[in-house]
Amino acid sequence: DLTNDYLWTWYDNVSAGAFDWVLIANPQPASDPASYPINYRITVKGAVPAQMIEGSAVGVIAPGTNVTPRIANVSNGPLEVKTCKAAFDPVTFVCPDATPAEGRSIASQRTLWGPSFEEVPGYPRTALKSDYHWTWYDQLDAGTYNWIHIINTNPGQVYYRITVGGALPSPVVEGLASGTIPGNDLVHPRFLKRGGPVEVKSCSVAFVSGNCPDVTPPTVMTSQRVLWHGYFNEVLG
């Protein structure tokens with residue numbers, strides 16, 4: 001379903017050969033007299049980007065049209081797109097819409113990376129979970145770089161734990177297989193490992209024997225970002 005708050009773990013328009021657009025569309029038909037423009041706001045790590053290559057990070061989208069901005073000098077995350085029927089509050093940046101159904105949009109990232117093309121839909125904030133899976137992880141094959149990205153969209157710290165085949169993966173190439181993520185921040189570890197299944201869990205406190213003691217664990221967002229012989233692919237958890 002369409003929503004008005006979308007997330008991605010990462011944005012990169014800095015790496016050699018990378019061209020990354022944020023696409024946001026107003027799905028209301030232009031021919032419908034009841035349709036209305038929507039306001040949008042793009043942030044990276046909670047702040048509006050200071051420099052743009054194309055378009056604007058904040059603006060208005062008419063019914064039946066879209067915008068395709070591209071951010072300058074950013075290789076970081078999390079990336080968030082919010083849309084609103086009314087203008088965002090200039091101080092708090094909160095959307096004052098009365099109901100969640102107002103100001104809905106559709107958003108994706110479209111990326112050219114070397115010889116490859118990739119499109120990743122925005123992940124609705126309302127769909128975030130505390131337990132994610134993939135079938136496979138591979139950092140052993142030559143020419144492969146496989147990162148597991150985990151973003152904490154909460155204001156406070158969360159604990160995370162990554163397993164491959166039910167065990168913490170090792171040896172570690174970058175980052176940690178388990179640890180903490182500050183509020184509105186991320187980690188992107190990498191391991192010298194091949195196998196599956198892969199699982200990421202989050203918790204508000206330290207895991208006990210691999211389990212989270214929380215009755216309702218805090219939600220996070222995850223993806224695997226892979227470079228394979230110069231080709232790029234991203235798979236959401």
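Listed here are the residues, each with its yes/no results for (1) touching a residue at least 60 places away in the same chain (Cβ under 8 Å); (2) within 17 Å of Ser223 (Cα to Cα); (3) in contact with a Cys (Cβ under 7 Å, 6 or more places away or on another chain).
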position	(1), (2), (3)
Tyr160	yes, yes, no
Thr163	no, yes, no
Ser170	no, no, no
Gly175	no, yes, no
Ser178	no, yes, no
Asp185	yes, yes, no
Gly195	no, yes, no
Lys201	yes, yes, yes
So for region 187-200 (the condition being of a type in the set (Asp, Glu), surrounded by 15 or more Cβ atoms within 10 Å (Cβ to Cβ) and more than 20 Å from Lys45 (Cα to Cα)), does at least one residue qualify? yes
Which condition from (1) over 23 Å from the mean Cα position of the chain (by Cα); (2) modelled with pLDDT of 95 or more; (3) farther than 13 Å from Arg161 by Cα is the one that Val208 breaks? (3)
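Please count how many residues of region 103-129 are open to solvent by 40 Å² or more (accessible area, probe 1.4 Å) and either in a strand (DSSP E or B) or at positive phi (or both).
Just the residues of region 103-129 that are open to solvent by 40 Å² or more (accessible area, probe 1.4 Å), to begin with: 104, 106, 110, 112, 114-115, 117, 119, 121, 125-126, 129.
Cutting the leftovers down to either in a strand (DSSP E or B) or at positive phi (or both) gives us 106, 110, 112, 114, 117, 119, 121, 129.
Total meeting the criteria: 8.
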Of the conditions (1) in contact (Cβ under 8 Å) with a residue 24 or more places away in the chain; (2) open to solvent by 50 Å² or more (accessible area, probe 1.4 Å); (3) β-branched (Val, Ile, Thr), Thr219 satisfies every one except a single condition; which number is it? (2)
Matching residues in region 2-48 (closer than 28 Å to Gln224 by Cβ and not aliphatic (A, V, I, L, M)) number 20
Just to verify a result, which residue in region 35-59, among those that are among the aliphatic types (A, V, I, L, M), modelled with pLDDT of 95 or more and in a loop (DSSP other than H, G, I, E, B), is surrounded by the fewest Cβ atoms within 10 Å (Cβ to Cβ)? Val48
Being more than 20 Å from the chain's Cα centre (by Cα) and open to solvent by 10 Å² or more (accessible area, probe 1.4 Å) is the filter here; which residues of region 139-162 pass it? Gln139, Leu140, Asp141, Ala142, Gly143
I'd like the full set of residues that are open to solvent by 30 Å² or more (accessible area, probe 1.4 Å) and either within 19 Å of Asn146 (Cβ to Cβ) or at pLDDT below 95 (or both), limited to region 175-184. Gly175, Leu176, Ser178, Asn184
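Determine whether Tyr132 is open to solvent by 30 Å² or more (accessible area, probe 1.4 Å), at pLDDT 95 or above and assigned to a strand (DSSP E or B).
On the way: open to solvent by 30 Å² or more (accessible area, probe 1.4 Å): no; at pLDDT 95 or above: yes; assigned to a strand (DSSP E or B): yes.
No: the conditions fail for Tyr132.
Which residues, counting only those in region 21-57, are among the aliphatic types (A, V, I, L, M) and within 22 Å of Ala72 (Cβ to Cβ)? Explain how you work it out, then say what you get.
At the first step, the residues of region 21-57 found to be among the aliphatic types (A, V, I, L, M) are 22-25, 30, 34, 38, 42, 44, 47-48, 50, 52-53, 57.
Answer for region 21-57, where residues must be among the aliphatic types (A, V, I, L, M) and within 22 Å of Ala72 (Cβ to Cβ): Val22, Leu23, Ile24, Ile42, Val44, Ala47, Val48, Ala50, Met52, Ile53, Ala57.
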Among residues of region 3-26, those that are assigned to a loop (DSSP other than H, G, I, E, B) and surrounded by 14 or more Cβ atoms within 10 Å (Cβ to Cβ), counted: 5
If a residue has to be in a loop (DSSP other than H, G, I, E, B) and in contact (Cβ under 8 Å) with a residue 60 or more places away in the chain to count, how many in region 60-102 make the cut? 8
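The values are calculated or read from the model by the stated rules, or taken from the named source; none is laboratory data. All of these numbers come straight from a predicted model, not from anything done at the bench. Cβ sites come from the backbone with ideal geometry, for glycine too, and all protein chains shown count toward neighbours. Each accessible area value is taken on the protein alone, full model and side chains, heavy atoms only, with ligands, DNA and RNA left out. Shrake-Rupley method; radii C 1.70, N 1.55, O 1.52, S 1.80 Å.
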